[in-house]
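Since every read-out is calculated from the coordinates, none of them should be taken as a lab result. Here the structure is a predicted model, which means the values were calculated and not measured. Cβ atoms come from the backbone with ideal geometry, glycine included; neighbour counts cover every protein chain shown.
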Amino acid sequence: MSKYNSTRAVCSQGHTHASIKEAGRCSELSLMVKAGVITNLKQQPEFVLQRAFKYRGKTIREIKYRADFSYRYVGGKFVVEEVKGFKTEIYKLKRKMFLYIMRDREDFEFFENI
């Protein structure tokens, strides 16, 4: 068991995921790729929320947000997707920062599978 009481699982593509729910969603998205509905499926894509910087001689590390999936609908929107059992406080904060960064992209959609 993980610290969030989820069970690691393997999807139909053979990838190991943090939860059974996430593995199931990966299998669904993989079928959507094969059907030609979506392209560029990525697992665990990372986005920089704040770059690293120096403060009084010390380097402050960058802040990253790692989503569960990202993909693009054929001829359409770029989607970032989260599969969660529940929302942690750090997730809520990083989600707000990420949505702020992406707010002006007309081709962007954020999907929470909770």
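At 7 Å along Cα-to-Cβ for each site, give me the label-to-label distance between residue 108 and residue 15 in nm.
The modelled label-to-label distance comes out at 2.1 nm.
Using Cα atoms only, what is the angle between the long axis of helix 89-102 and the major principal axis of the chain, expressed in degrees (0 to 90) to the nearest 10?
The angle comes out near 90 degrees.
Only residues of region 77-98 count here: report those whose backbone N is under 16 Å from the spot 7 Å along Cα→Cβ of residue 63, or say none.
Under cut-off, by backbone N: 88-98.
With the convex hull built on the Cα atoms of the chain, state its orientation-averaged projected area in nm². Working shown, then result.
On the way: hull surface 34.7 nm².
Over all viewing directions, the chain projects a mean Cα-hull area of 8.7 nm².
Between the alpha-carbon centers of region 1-62 and region 77-114, tell me the distance in whole angstrom.
12 Å
I want the antiparallel fraction of DSSP beta bridges within the chain, as a percent rounded to 5.
Values: 17 of 23 bridges.
Within the chain, antiparallel bridges account for around 75 percent of the total.
So which aspartates and glutamates can residue 94 reach, going by Cα to Cα under 17 Å and dropping same-chain residues fewer than 8 places off?
The reachable aspartates and glutamates, counting only those whose Cα sits under 17 Å from residue 94, are 46, 62, 68, 81, 82, 109, 112.
Please give the helix 20-34 orientation as an angle from the longest Cα principal axis of the chain, in degrees from 0 to 90, rounded to the nearest 10.
The two axes meet at around 70 degrees.
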